[in-house]
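Notes follow once the structure below has been shown.
The values are calculated or read from the model by the stated rules, or taken from the named source; none is laboratory data. Given the structure is predicted, the values throughout are model-derived calculations rather than measurements. Cβ sites come from the backbone with ideal geometry, for glycine too, and all protein chains shown count toward neighbours.
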Amino acid sequence: MQQLRSGVQLHLSVMRQMPLPELIKPSRQAVDGGGTQLWVTDNLNNRNPFVVLAALARETDVDLGLAVLVPYFHNPMETAGAVAAIAELMDGRELSVGMARGNPSTPGFIETPKPVTFLKETALAVRQLLAGEAVTFDRYPALASYYHLVPGAPLRLSFPAPPNIRLYCGGNGPLSLKVGGEHMDGLIFGGTFQAVGLTGKLPSLVQVFDDAAKAAGKPDLPKVAEIKLSISHDARAARQFIAHSAGSRILSMRHRGYPDEVLASVGVTSGEMDRFEAAVTRGPSREEADGLVTDSMIDAIFVAGDPAFCRDRMKQVCELARANGFQQLMFSELGPDPVEGMRLLCDEIIPSL
């Protein structure tokens, strides 16, 4: 049976109450508990992910990653310079940089034009910069326009980037997956991994990535599955904590073109979705919307409950990951109490994989 690596994502918005020095403690706990890679998130209103990664690079001895970098938040020169500097701290360990438009709330804070073009241009420009090449952004008009870069002016990193940086595709639609297979070094399938798997759509989407990678001469690229986990001895608290997140992610699938009859295959009815969407649209009472999130919505997105329930659910998740060629599970969110969640992940979940 294929051994799955265990990655742990420090979800900076969930862990926002923890000062950076305190954030190092659960990071070390994750490594001691069997985690082979630590990941951080990229959110506008949270700690800068590059700063957090630099701290982790000095305080831990495992692979690190960013899942996912949102190109609209960072111009490509900043991205290349930051990840190259972090990689210098890592003694050859891999620094994985996932790229995608971000979570469903991103367009509510910042304009996100041409997401597939932006993904492709960012990957190509950053790769060139990390290779030590001079980049003129007339080759990348979407980036030049968005960041007001002088199109014909050559830009180059002033120091050599280490070779231990890999770019991962974090976009999970067919067009993004094709770009990822052609131009990146791996795949991160995000927070809807379980739901997409339950609909039966996962194999065909992964195949788009694999076919593009193979055509580019890069077969068997690594794949990481993001597993949303909310675990506590208080099962009810674990499920209540992530109700809104689960409902929002199912709703985002509907908005991305998953028909109601497909979502019904994961146990979510169109009526349930209509009521939740109407409550979200009315706002501002989040409590009303959260009360409309059903168990089926939660279980489609999250592994959520007490340790025994989560261990049992993880059997299905592992089978799904292995069947679709994934090598790593990246555990994310770890609510409702991040400290308890990390302890239970390390003590109860990782040893059972």
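Here G173 does not qualify as out of contact with any helix residue (DSSP H, G or I) (no Cβ under 7 Å at 6 or more places or on another chain), on the phi > 0 side of the Ramachandran plot and among the small types (G, A, S).
Could you check, for region 14-21, whether at least one of its residues is more than 26 Å from F109 (Cβ to Cβ) and either modelled with pLDDT of 95 or more or outside any loop (DSSP other than H, G, I, E, B) (or both)? Scanning region 14-21, I find at least one residue that is more than 26 Å from F109 (Cβ to Cβ) and either modelled with pLDDT of 95 or more or outside any loop (DSSP other than H, G, I, E, B) (or both), so the answer is yes.
Of all residues assigned to region 248-260, none qualifies as being part of a strand (DSSP E or B) and not charged (D, E, K, R). If the condition is being surrounded by 23 or more Cβ atoms within 10 Å (Cβ to Cβ) and of a type in the set (A, V, I, L, M), then region 302-343 contributes V303, A304, A321, L329, M330, L334, M342.
A Cβ distance below 6 Å, combined with a sequence gap of six or more or placement on separate chains, defines the contacts here; from region 228-240, residues that are within 18 Å of R286 (Cα to Cα) reach residues that are part of a strand (DSSP E or B) and hydrophobic (A, V, I, L, M, F, W, C) in the pairs A238/I231; A238/A304; R239/A304. Of all residues in region 152-189, those satisfying the criterion of being assigned to a helix (DSSP H, G or I), among the aliphatic types (A, V, I, L, M) and without any contact (Cβ under 8 Å) to a residue 60 or more places away in the chain are L175, L177. With respect to the stated conditions, A246 is of a type outside the set (V, I, T), under 23 Å from G173 (Cα atoms), in contact with a strand residue (DSSP E or B) (Cβ under 9 Å, 6 or more places away or on another chain) and not assigned by TED's automatic domain parsing to the domain that holds E333. When I250, I242 are screened for being of a type in the set (V, I, T) and touching a helix residue (DSSP H, G or I) at 6+ places or on another chain (Cβ under 6 Å), only I250 passes. Check region 111-121 and report whether any residue there is closer than 26 Å to N45 by Cα, touching a strand residue (DSSP E or B) at 6+ places or on another chain (Cβ under 7 Å) and touching a residue at least 24 places away in the same chain (Cβ under 8 Å). Looking for residues that are closer than 26 Å to N45 by Cα, touching a strand residue (DSSP E or B) at 6+ places or on another chain (Cβ under 7 Å) and touching a residue at least 24 places away in the same chain (Cβ under 8 Å), one finds at least one in region 111-121, hence yes.
Could you tell me which residue of region 278-301 is surrounded by the most Cβ atoms within 10 Å (Cβ to Cβ), considering only residues that are in contact with an Asp or Glu (Cβ under 8 Å, 6 or more places away or on another chain) and not in a loop (DSSP other than H, G, I, E, B)? Across region 278-301, the extreme among qualifying residues is M297. Among the residues of this structure, V150 counts as one that is among the β-branched types (V, I, T), more than 20 Å from the chain's Cα centre (by Cα) and at pLDDT 95 or above.
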